[in-house]
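So the structure is just underneath, and the comments pick up after that.
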């Protein structure tokens, strides 16, 4: 039995190979060159209309070519193929160094969540427009006084006839100023028996009266984050996902997608990886005592350490997808991945900065900056990854409690 290039029960390897070949040829021909302005390295750095429109057009083009959402159901705009086909397309995109996919929250968190837990009407309304970047999504979880303590969210949603009235604010709402929808965790019952039972989950429109976004400038000088204010903002009651009081359950499932512990994402990538090979190339170019830095034995030792660690992380990713190899602790690697990769990237970019020496003080746009300020910018932006989606400290607590079974505190 065959369905959209897939033999039910197993992948048709000949068709997969042909698909991969076609994807490689497409990205070789269509991957854009230097647009003449600074492109974001991640979805956390989209700070200008020029960047936004460029990346939106790119995502739409990839989707229309069939290389995004290939494993999502055809009923909702996807390709209906096995995940192996999407993996092949993403690998081709990575090989040809295509720009990032813009609609990160939609493609990686909101979309998979809707496929998993959404009502039929919600899937039909939202999923195709997520893939095409017609509708940009943001996330409303953290609050100024309740960052890592999501269960203590205080933004209120009060039922009033056919609407909910929202009051409060959310912070670190990436792409909030461009978003049409927000996955929103709000308090619908202040008298619930515990703080978690009073939370509900909404697919909230951002284009209603009373919703206001204020951009937040980062240490890198770029934007990308906003703080979002809700002042008597009315949204239809139909925006509630699930039932009142189920918000914490749905939020936890969302965090599994955000932290890479559950699959179903649309494909592509939302961060341009800075790999060790690029740092090796940098060490060949930079000088120490008049000689290439890579000739310094201490530099070579450090590079070898990074190469080993990078390879180990890649192998951990592969191992985590092979059930018999992780049956003793199936969630250990998925729950550890975000912590390990973000900390690795921060140490790697810090080392790259050290190789640039005094030139590391030059930033983007300055004529003496190394590789147009790439390494300084990458290092500064690496801190966002060790904070967003749960700080490294919170990630360690999660591993301790949910993998190792250690008690809280």
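One residue stands out in region 146-174 among those that are on the phi > 0 side of the Ramachandran plot and modelled with pLDDT of 95 or more: the one that is surrounded by the most Cβ atoms within 10 Å (Cβ to Cβ), namely 168. Of all the listed residues (186, 153, 204), the sole one being more than 15 Å from residue 242 (Cβ to Cβ) and in contact with a helix residue (DSSP H, G or I) (Cβ under 9 Å, 6 or more places away or on another chain) is 153.
Summed over region 39-88, residues that are in contact (Cβ under 8 Å) with a residue 12 or more places away in the chain, under 23 Å from residue 388 (Cβ atoms) and in a helix (DSSP H, G or I) total 10. Looking only at residues of region 224-252 that are crowded, with 17+ Cβ neighbours inside 10 Å and under 19 Å from the mean Cα position of the chain (by Cα), we find that the one that is farthest from residue 149 (Cα to Cα) is 224. Out of the residues in region 293-314 that are within 28 Å of the chain's Cα centre (by Cα) and closer than 25 Å to residue 358 by Cβ, state the one that is surrounded by the most Cβ atoms within 10 Å (Cβ to Cβ). Per the stated criteria, the residue is 303. For region 353-372, filtered to residues that are in contact (Cβ under 8 Å) with a residue 24 or more places away in the chain and more than 15 Å from residue 220 (Cβ to Cβ), the residue that is surrounded by the most Cβ atoms within 10 Å (Cβ to Cβ) is 355.
Applying the set (1) surrounded by 17 or more Cβ atoms within 10 Å (Cβ to Cβ); (2) touching a helix residue (DSSP H, G or I) at 6+ places or on another chain (Cβ under 8 Å); (3) farther than 30 Å from residue 379 by Cα to residue 15 leaves exactly one unmet item: (2). I'm checking my understanding of the structure. Among residues of region 15-38 that are within 23 Å of the chain's Cα centre (by Cα) and modelled with pLDDT of 95 or more, which one is nearest to residue 70 (Cα to Cα)? Within region 15-38, the match that is nearest to residue 70 (Cα to Cα) is 23. Please go through region 189-206 and pick out each residue that is within 23 Å of the chain's Cα centre (by Cα) and farther than 19 Å from residue 160 by Cβ. Listed by number, the list holds a single entry, 206.
Only one entry of 51, 59, 83 meets the criterion of being over 18 Å from residue 271 (Cβ atoms), within 19 Å of the chain's Cα centre (by Cα) and surrounded by 13 or more Cβ atoms within 10 Å (Cβ to Cβ), and that entry is 83. Within the bounds of region 356-365, is there any residue that is part of a loop (DSSP other than H, G, I, E, B), more than 30 Å from residue 141 (Cα to Cα) and touching a helix residue (DSSP H, G or I) at 6+ places or on another chain (Cβ under 6 Å)? Scanning region 356-365, I find at least one residue that is part of a loop (DSSP other than H, G, I, E, B), more than 30 Å from residue 141 (Cα to Cα) and touching a helix residue (DSSP H, G or I) at 6+ places or on another chain (Cβ under 6 Å), so the answer is yes. Reported count of residues in region 373-391, each being surrounded by 16 or more Cβ atoms within 10 Å (Cβ to Cβ), modelled with pLDDT of 85 or more and out of contact with any strand residue (DSSP E or B) (no Cβ under 9 Å at 6 or more places or on another chain), is 10. State yes or no: is residue 233 more than 29 Å from residue 74 (Cβ to Cβ), modelled with pLDDT of 95 or more and assigned to a strand (DSSP E or B)? Yes.
The values are calculated or read from the model by the stated rules, or taken from the named source; none is laboratory data. These numbers come from a predicted model, not from an experiment. Here the Cβ is made from the backbone with ideal geometry for all residues, glycine too, and neighbour counts use every protein chain on show.
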